[in-house]
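Each remark here refers to the structure printed beneath this line.
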Amino acid sequence: MSANLKVKYEYLIPHLRQAEETTYLKNRGCLSARDVVGTMLSNNLTLKETAEAYDLPVAAVEEAWDYYQENRPLVDEEVAQERSAAGLARC
């Protein structure tokens with residue numbers, strides 16, 4: 001996945017965290033693609049509204065959405081594992 005990210009994306013970078021690879025937005029600290037898409041879906045926001053909420057270019061949100069669509073089962077499983085570890089029920 002890392003090599004693919006370097007070729008395909010301008011705003012996303014891979015980061016190994018606790019034996020799992022996840023993607024973050026460049027120069028945005030701990031803001032992950034999953035966080036951006038989660039906010040968009042949870043709040044029923046458009047790409048533009050999400051970009052404004054995070055002060056990101058729309059292209060960065062589009063990349064996060066694209067990454068999510070291509071890796072949805074993996075991302076959804078990561079979210080489920082985090083929710084379970086936090087003691088939260090699966091929705």
Amide H contacts under 5 Å for residue 31, restricted to residues at least 5 apart in sequence or on another chain and with H modeled in the peptide plane, are 25
Taking every other residue with Cβ under 13 Å from the Cβ of residue 59 and scoring Lys and Arg +1, Asp and Glu -1, one gets -1
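With N set to the number of residues, divide the alpha-carbon radius of gyration of the stretch 27-91 by 2.2 N^0.38 Å and report two decimals.
1.14
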Each label sits 7 Å from Cα toward the beta-carbon; between residue 83 and residue 70 the label points are separated, in nm, by 2.5
Stretched fully, the stretch from residue 44 through residue 62 gains (0.36 nm per residue minus C-alpha distance, one decimal, in nm) 5.0 nm
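Every number here is computed from the coordinates shown, using simple stated rules; none is lab data. Here the structure is a predicted model, which is why all the values come from computation and not from measurement. No Cβ is skipped: glycine too gets one built from the backbone with ideal geometry, and neighbour counts run over all protein chains shown.
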